[in-house]
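One structure is given below, encoded as structure tokens.
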Amino acid sequence: SFEVKIASTGQVIAIPADQTVAEALERQGIEIPLSCEQGICGTCLTRVLDGVPDHRDLFLSEAEQAANDQFTPCCSRALSDQLVIDL
Ligand code: FES
């Protein structure tokens, strides 16, 4: 498991194994725009300020994924213990 930190507020949200990042954030009242929820459209794309995403989308190129500065919270997760996102 891992957690997400909201950069603007410092709020830390644990992401359970059975929830997406977008779902876990929505339960805390933080809405991320969603459309396909399958990693295809890029609607949910969110900037990552720290940590390493576990990219599970088909939207970003390999190079964009390797830069680790954005991810798709509808489906992607984290390889590091924490992701700091630019919200
Ligand atoms: Fe389409 Fe996340 S909602 S990529």
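The values are calculated or read from the model by the stated rules, or taken from the named source; none is laboratory data. Please read all numbers here as calculations on a predicted model, not as lab measurements. Heads up, the Cβs are rebuilt from the backbone with ideal geometry, glycines too, and the neighbour counts pull from every protein chain shown.
Tabulated data
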read-out	value
Number of positions in region 3-23 that are within 18 Å of ASP57 (Cα to Cα), out of contact with any Cys (no Cβ under 8 Å at 6 or more places or on another chain) and of a type in the set (Gly, Ala, Ser)	1
Region 4-36, residues that are surrounded by fewer than 16 Cβ atoms within 10 Å (Cβ to Cβ) and within 15 Å of THR72 (Cα to Cα)	GLN19, GLU26, GLU31, PRO33, SER35
ARG47 being modelled with pLDDT of 95 or more, in a strand (DSSP E or B) and within 15 Å of the ligand (Cβ to nearest atom)	yes
Region 59-70, subset within 15 Å of the ligand (Cβ to nearest atom) and out of contact with any Cys (no Cβ under 9 Å at 6 or more places or on another chain), residue nearest to VAL21 (Cα to Cα)	GLN70
Any pair with Cβ under 9 angstrom, 6 or more apart, that starts in region 1-30 at a residue that is free of Cβ contacts under 8 Å to residues at least 12 places away in the same chain and of a type outside the set (D, E, K, R) and ends at one that is outside any strand (DSSP E or B) and away from the ligand (no atom under 16 Å from the Cβ)	GLN19/ARG27
Subset of region 50-87 that is assigned to a loop (DSSP other than H, G, I, E, B) and among the small types (Gly, Ala, Ser) - its residue that is surrounded by the fewest Cβ atoms within 10 Å (Cβ to Cβ)	SER61
